[in-house]
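Colleague: Sharing a structure, written as structure tokens. Questions coming.
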Amino acid sequence: MNIHPDTPAWQALAAHYNSIKDSTLADLFAADPQRAKKFSLEFEDLLLDFSKNRITAETMRLLFRLAEESSLRQSIDAMFSGQCINETEGRAVLHTALRNRSNQPVYVNGQDVMPAVKAVLQRMSAFAERVRAGAWTGYTGKPIRNIVNIGIGGSDLGPRMASEALKPFSLPGMRVFYVSNIDSFHLADTLSGLSPEETLFVIASKTFTTQETMTNARSARQWLLTAFASKEAIARHCVAVSTNSEAVAAFGIEAENMFEFWDWVGGRYSLCSAIGLPLLLQIGPDHFLAMLEGFHAMDQHFRSAKLEQNLPVILALLGIWYNNFFEAQTQAILPYNQSLQRFPAYLQQVDMESNGKSVSKSGQRITWQTGPIVWGEPGSNSQHSFFQLLHQGTKLIPADFIGFCRSQTPLGDHHRKLMANFVAQTEALAFGKSTAAVRAENPGISDSLAAHKTFLGNRPTNTLLADELTPRTLGMLIALYEHKIFTQGVLWQIYSFDQWGVQLGKVLADKVLQDLNEPLSVLPTGHDDSSCAIIQRLKERS
Ligand code: F6P
């Protein structure tokens with residue numbers, strides 16, 4: 001166990017863990033025919049079945065007590081009401097205001113931010129309508145057919161994931177691409193098939209200083225200048241999304257071509273801000289608004305539902321149960337849906353950049369475990385790669401299975417087969433296959449081979465099942481995980497909305513770049529021996 005040392009709720013859970021850690025899911029299900037019903041909740045069409053977890057009613061009672069004892073309610077209110085909860089950066093945390101579909105004001109420093117939020121959304125929608133209708137044309141008068149978003153991290157992963165997830169809602173003929181990596185292959189490969197006349201760049205960066213994005217943006221601008229031999233073309237082919245209007249202007253993008261957001265929107269929580277522009281261009285304002293409605297519905301649920309019926313809270317508590325008591329190191333995210341293929345990568349940033357912390361809010365190095373390693377791939381592909389380890393490996397890997405009753409693209413019996421696998425895997429993980437069952441199927445089998453064919457089971461999963469992947473469902477699903485992560489941060493007593501851990505590498509990269517720019521005869525200094533040798537080798541061989 002790796003738990004908070006002091007508080008009564010953690011201690012009560014520790015004692016409880018010792019009493020039930022050896023119970024099996026098979027025993028728990030056998031003891032209670034109502035178990036699935038007892039440990040399932042619905043929100044709109046979204047079902048969360050968490051019965052295949054190594055928990056009892058007492059586990060949940062104690063976990064809820066932990067949430068109460070951690071003043072979760074007050075923390076939720078503090079976030080939604082615009083208090084400065086991102087203390088190390090001195091900022092409020094108000095991604096929920098971006099999708100506030102009620103008429104309620106939201107105040108930051110005494111000022112209602114909703115008029116500005118609505119105004120930007122209005123501008124984005126009007127712009128998207130023009131581009132989609134062919135009224136906004138490129139420099140030579142041709143309609144825009146290709147959107148290329150240049151951004152990284154939160155300015156890439158969210159819209160990129162959602163663009164993939166909501167492809168069936170796209171305007172036919174409008175293609176959206178995402179360039180993030182500073183590796184020139186990414187930009188070159190993306191642009192190789194595109195006509196500059198029909199291409200619009202969205203340069204997306206909260207700070208507008210990120211090395212990767214600014215380098216790609218400058219190369220994209222050069223690509224346009226080469227094609228059109230005119231600076232005026234830039235205004236027709238580049239728009240910016242940022243909080244930094246000065247840097248945008250310095251880059252040469254007109255104020256009217258900039259869509260702003262605010263410092264109280266964290267990069268990884270920014271999909272509903274102007275960062276969602278490429279998605280809006282792809283799926284149009286109505287679908288984008290439907291997505292915001294889904295986010296808002298889950299926000300309201302998180303804010304108002306009792307802890308015992310609160311989906312994000314329950315996911316968070318179960319995660320803590322495995323992370324801090326069973327000492328699970330990772331959390332698998334397994335969407336049984338090809339169009340959610342980027343969802344695990346997206347959640348990696350939201351979760352690991354938020355809760356990958358080891359200093360408490362009071363500035364002490366902490367002794368308990370915080371954020372898990374988040375990973376995953378869509379099923380059923382993943383069954384044919386890493387599921388072996390999930391079933392028979394030595395590690396305990398809690399997994400979220402995410403699926404839908406109906407396909408976005410119905411075709412024969414594909415979906416039924418996909419979902420048969422979806423159910424079969426959670427069943428196999430939970431209940432395994434005993435050696436006795438192996439023997440019954442294979443009379444005379446050796447002890448050794450029977451051992452290899454035995455599945456111990458008892459591997460926990462959550463099932464998240466919605467009717468269909470729509471913009472609204474996607475919004476609900478994302479907000480579900482955002483609030484799960486927030487809840488865990490509160491219980492671990494860490495700040496979830498800063499990311500100081502990314503700074504050091506950025507600073508060192510600037511120093512290394514200076515060294516790489518030196519002539520061969522100037523040997524690198526100021527680094528360790530290994531790094532100096534690698535820098536010199538790069539200079540010699542590039
Ligand atoms: O390096 C991490 C990070 O700061 C993320 O938090 C952020 O989403 C990403 O870089 C991109 O930042 P920006 O939008 O300012 O370019």
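Colleague: Could you figure out which of (1) under 16 Å from Leu279 (Cβ atoms); (2) within 16 Å of the ligand (Cβ to nearest atom); (3) touching a helix residue (DSSP H, G or I) at 6+ places or on another chain (Cβ under 8 Å); (4) open to solvent by less than 10 Å² (accessible area, probe 1.4 Å) isn't true of Asp156?
Modeller: Unmet condition: (3).
Colleague: Got at least one residue in segment 388-397 being out of contact with any Asp or Glu (no Cβ under 7 Å at 6 or more places or on another chain), part of a helix (DSSP H, G or I) and surrounded by 15 or more Cβ atoms within 10 Å (Cβ to Cβ)? Step through it out loud before you land on a result.
Modeller: From segment 388-397, those out of contact with any Asp or Glu (no Cβ under 7 Å at 6 or more places or on another chain) are 388-397; that's our starting set.
Then drop every residue that is not part of a helix (DSSP H, G or I), which leaves 388-392.
Subset that is surrounded by 15 or more Cβ atoms within 10 Å (Cβ to Cβ): 390-391.
Yes, because at least one residue in segment 388-397 is out of contact with any Asp or Glu (no Cβ under 7 Å at 6 or more places or on another chain), part of a helix (DSSP H, G or I) and surrounded by 15 or more Cβ atoms within 10 Å (Cβ to Cβ).
Colleague: Can you pull out every residue in segment 183-220 that is more than 16 Å from Ala249 (Cα to Cα), surrounded by 14 or more Cβ atoms within 10 Å (Cβ to Cβ) and hydrophobic (A, V, I, L, M, F, W, C)?
Modeller: Residues satisfying the conditions are Leu187, Leu191, Leu194, Leu200, Ala220.
Colleague: Could you run through segment 91-122 and say how many residues are over 24 Å from Met258 (Cβ atoms) and open to solvent by 50 Å² or more (accessible area, probe 1.4 Å)?
Modeller: Final tally of qualifying residues: 6.
Colleague: Return only the number of the condition from (1) away from the ligand (no atom under 16 Å from the Cβ); (2) buried (at least 20 other Cβ atoms within 10 Å of the Cβ); (3) without any contact (Cβ under 8 Å) to a residue 40 or more places away in the chain that Trp223 does not satisfy.
Modeller: (2)
Colleague: Are there any pairs with C-beta distances below 7 angstrom linking a residue in segment 66-80 that is farther than 15 Å from His4 by Cβ to a residue that is open to solvent by 70 Å² or more (accessible area, probe 1.4 Å) and assigned to a helix (DSSP H, G or I), with the two at least 6 apart or on different chains, and if so which?
Modeller: Cβ pairs passing all conditions: Ile76/Arg303; Phe80/Arg303.
Colleague: Of the residues Ser163, Ser170, Ser180, Ser242, only one is open to solvent by less than 40 Å² (accessible area, probe 1.4 Å), among the polar types (S, T, N, Q), within 11 Å of the ligand (Cβ to nearest atom) and under 30 Å from Gln408 (Cα atoms); which?
Modeller: Details: Ser163 fails: within 11 Å of the ligand (Cβ to nearest atom); Ser170 fails: within 11 Å of the ligand (Cβ to nearest atom); Ser242 fails: under 30 Å from Gln408 (Cα atoms).
Of the residues listed, the single one that is open to solvent by less than 40 Å² (accessible area, probe 1.4 Å), among the polar types (S, T, N, Q), within 11 Å of the ligand (Cβ to nearest atom) and under 30 Å from Gln408 (Cα atoms) is Ser180.
Colleague: On the given criteria, is Lys52 of a type in the set (Lys, Arg), within 22 Å of Gly432 (Cα to Cα), crowded, with 19+ Cβ neighbours inside 10 Å and at pLDDT 95 or above? Before the answer, list the steps.
Modeller: Working: of a type in the set (Lys, Arg): yes; within 22 Å of Gly432 (Cα to Cα): yes; crowded, with 19+ Cβ neighbours inside 10 Å: yes; at pLDDT 95 or above: yes.
The answer is yes for Lys52.
Colleague: Quick test for you: out of Val502, Val512, Val507, pick the one residue that is assigned to a helix (DSSP H, G or I), open to solvent by less than 50 Å² (accessible area, probe 1.4 Å), modelled with pLDDT of 95 or more and among the hydrophobic types (A, V, I, L, M, F, W, C). Step through it out loud before you land on a result.
Modeller: Values: Val502 fails: open to solvent by less than 50 Å² (accessible area, probe 1.4 Å); Val507 fails: open to solvent by less than 50 Å² (accessible area, probe 1.4 Å).
None of the others qualify; the one that does is Val512.
Colleague: Quick one: which helices (runs of 4 or more DSSP H) sit completely within segment 413-463 and have at least 1 residues that are under 30 Å from Ile314 (Cα atoms) and open to solvent by 20 Å² or more (accessible area, probe 1.4 Å)? Lay out the reasoning, then the answer.
Modeller: Numbers: elements: 414-431, 435-441, 447-453.
Filter on segment 413-463 gives 414-431.
The values are calculated or read from the model by the stated rules, or taken from the named source; none is laboratory data. Here the structure is a predicted model, which means the values were calculated and not measured. Neighbour counts run over all protein chains shown; Cβ positions are idealised from the backbone, glycine included. Side chains are part of the model used for accessible areas, which takes the heavy atoms of the whole protein and leaves out ligands, DNA and RNA. Shrake-Rupley method; radii C 1.70, N 1.55, O 1.52, S 1.80 Å.
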